Amino acid sequence: MPHASDAEGASPDKALETRGLEPVPDDERTGRVRGLFPTWVAANISVLLLTMGAGLIVFNGLNFWQVLVVAAAAPVLSYGIVGLISIAGKRGGAPGMALSRAVFGQRGNLFPGSLIWVARWGWETINAVTGAYAVLTVLDLLFGVKSNTFLIVVTLLAFVTCTFLVSGLGINALRVCSTWSTYLFGAFSVLVLVHLVANTDWAAVFDKPAGSTAMMIAGIGTIAAGGISWVPSGPDFTRYLPRTASSKAMVATTIGGAGIVVLPMVLMGAVMAVATPDLASAQDPVSFIGELLPAWISVPYLLIALIGMLLINSMSMYSAGFTAQTLGIKVSRAAAVSVNAVISLVFGFLLMVVATSFIGSFISFLTLLAVAFSAWIGVFGVDMLRRRSYDAEALMDTGRTSGYWYRGGFAWQAMAAWGVALVVGLLFTKVDWFSGPLASSWIGENGLGWAATILVAGVLYAVLPRTAAADGRADGEPVAGERAPASV
């Protein structure tokens, strides 16, 4: 029976997590729902939120109150979906892309898995570049050291190396680092807020005229895109929760952890943009923090934000390691992480040295990323509504004997819905170097291509006839001897 697993399971309490794709046994599910709060706080500790908040003022033409609506709605929408999909983790005890085998088939899952893995490369590259900019800015503020090509390579290498070490250790290291970074970032964010309150021309902030409703909706889509990218990773961080964990609490904690960072950071960026509109289009967005804040605030704030960005990348690489394993790369999870580390190092160098517009590249990437992830979300989400359990043996069996082999290794209904939705989403998408034929429609102009993608994928998958699994069960039926979790 072919398997794509790591070493036999290890307790999450150990320093090094050795468990790979294989589902976590019930006796090792010692996690607590409240642990998700610092996890999703850490996933959003990025100064890029300041840049995106500034973009809502400069590019979208919104006023302060509209930005407030955008900053409040985006995390509720995007991380609400993250929380909902995370429920699959406690049901199946496996990473998201391993559970995806039950939906798309053992071979079919290679297609969305490959696309999501490649998308992770871009996300990790953006984070690595932002982290390197933070280091360069601190060196300039403290020692007057100016950026050059050699220093870019050194800072990128240091950042990616630290990311690899944390993500390689696994879930326990991520939990500890997330908790402490939450405390530190929260404390220094208060200092930044106090400074802004005391030194901002609030008349100029509140006198800005309102923008269009279309631009406000588009802004929600732009901010939400970052959260949407975490959806397939949601189960990776809930697989150690007991089956009886409250689903409502999981969703609420996920939204709360993300929202408590996204809301103030986006608002801070919008306020900063009134005085310094160049923040929205800076090639090096991090250096503006040093210009806008006194050194006694900006240096420690950037250092803590650097830790946050390191954690974001570590979480992304942690999930990417699982995704690589689902694609048939037969190495340990920690070794699989190293592949993404090298890729982010190479792409990061190109983005810092070659690219002419950092924020333009970032927004284009987020937009395309949202479409790629949304097609998977629609299909997987509908399947999760039908399913209450996963066959652990069938998940790990990648051969013809697998209960999730379906027809030739493919669940054609899931594949068809995913492929059609992906094409539809691209039709509505417009970025710097690509414009779909429907990008000028109402959906395209309002940045809702990702929402249309989810809707098309979900509806199409729901109406197509269900696939019969290789063992005679209809896809989604519980395995004999398994029972549904008490809280769903």
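The values are calculated or read from the model by the stated rules, or taken from the named source; none is laboratory data. Remember, it's a predicted structure, so these values are computed and weren't measured experimentally. Positions of Cβ are generated from backbone atoms using ideal geometry, with glycine treated the same way; all protein chains shown enter the neighbour counts. To get the accessible areas, we keep the full protein, side chains included, count just its heavy atoms, and leave off ligands, DNA and RNA. Shrake-Rupley method; radii C 1.70, N 1.55, O 1.52, S 1.80 Å.
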Of those in region 421-455 that are in contact with a strand residue (DSSP E or B) (Cβ under 9 Å, 6 or more places away or on another chain) and either without any contact (Cβ under 8 Å) to a residue 24 or more places away in the chain or of a type in the set (A, V, I, L, M, F, W, C) (or both), the residue farthest from residue 104 (Cα to Cα) is 440
Mind checking which residues of region 421-470 are open to solvent by 70 Å² or more (accessible area, probe 1.4 Å) and part of a helix (DSSP H, G or I)?
-> 423, 442, 445, 455, 459, 463
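Tell me the residue from 405, 376, 418 that is open to solvent by less than 50 Å² (accessible area, probe 1.4 Å), of a type in the set (Phe, Trp, Tyr) and either in a loop (DSSP other than H, G, I, E, B) or without any contact (Cβ under 8 Å) to a residue 12 or more places away in the chain (or both), please. Can you show your working first?
On the way: 376 fails: either in a loop (DSSP other than H, G, I, E, B) or without any contact (Cβ under 8 Å) to a residue 12 or more places away in the chain (or both); 418 fails: either in a loop (DSSP other than H, G, I, E, B) or without any contact (Cβ under 8 Å) to a residue 12 or more places away in the chain (or both).
The match here is 405.
Could we say that residue 141 is part of a helix (DSSP H, G or I), touching a Gly at 6+ places or on another chain (Cβ under 8 Å) and surrounded by fewer than 21 Cβ atoms within 10 Å (Cβ to Cβ) here? Spell out the reasoning first.
Details: part of a helix (DSSP H, G or I): yes; touching a Gly at 6+ places or on another chain (Cβ under 8 Å): yes; surrounded by fewer than 21 Cβ atoms within 10 Å (Cβ to Cβ): yes.
So residue 141 passes the test.
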Tally time: how many residues in region 222-252 are within 23 Å of residue 28 (Cβ to Cβ), in contact with a Leu (Cβ under 7 Å, 6 or more places away or on another chain) and either of a type in the set (Asp, Glu) or open to solvent by 10 Å² or more (accessible area, probe 1.4 Å) (or both)?
-> 1
Among the residues of region 328-347, is there at least one that is assigned to a helix (DSSP H, G or I), in contact with a Leu (Cβ under 9 Å, 6 or more places away or on another chain) and at pLDDT 80 or above?
-> yes
Among the candidates 203, 173, which residue alone is at pLDDT 90 or above and not aromatic (Phe, Trp, Tyr)?
-> 203
Go through the residues of region 61-83 one by one and say whether even a single one is surrounded by 24 or more Cβ atoms within 10 Å (Cβ to Cβ) and hydroxyl-bearing (Ser, Thr, Tyr).
-> yes
Go through the residues of region 103-113 one by one and say whether even a single one is among the β-branched types (Val, Ile, Thr), modelled with pLDDT of 85 or more and open to solvent by 10 Å² or more (accessible area, probe 1.4 Å).
-> no
Since residue 159 meets every condition but one in (1) more than 24 Å from the chain's Cα centre (by Cα); (2) buried (at least 22 other Cβ atoms within 10 Å of the Cβ); (3) among the aromatic types (Phe, Trp, Tyr), which condition does it not meet?
-> (1)
Checking residue 44 against (1) at pLDDT 85 or above; (2) out of contact with any Leu (no Cβ under 7 Å at 6 or more places or on another chain); (3) in a helix (DSSP H, G or I), which test does it fail?
-> (3)
Meets criteria (open to solvent by 70 Å² or more (accessible area, probe 1.4 Å) and part of a helix (DSSP H, G or I)) for residue 197 = yes
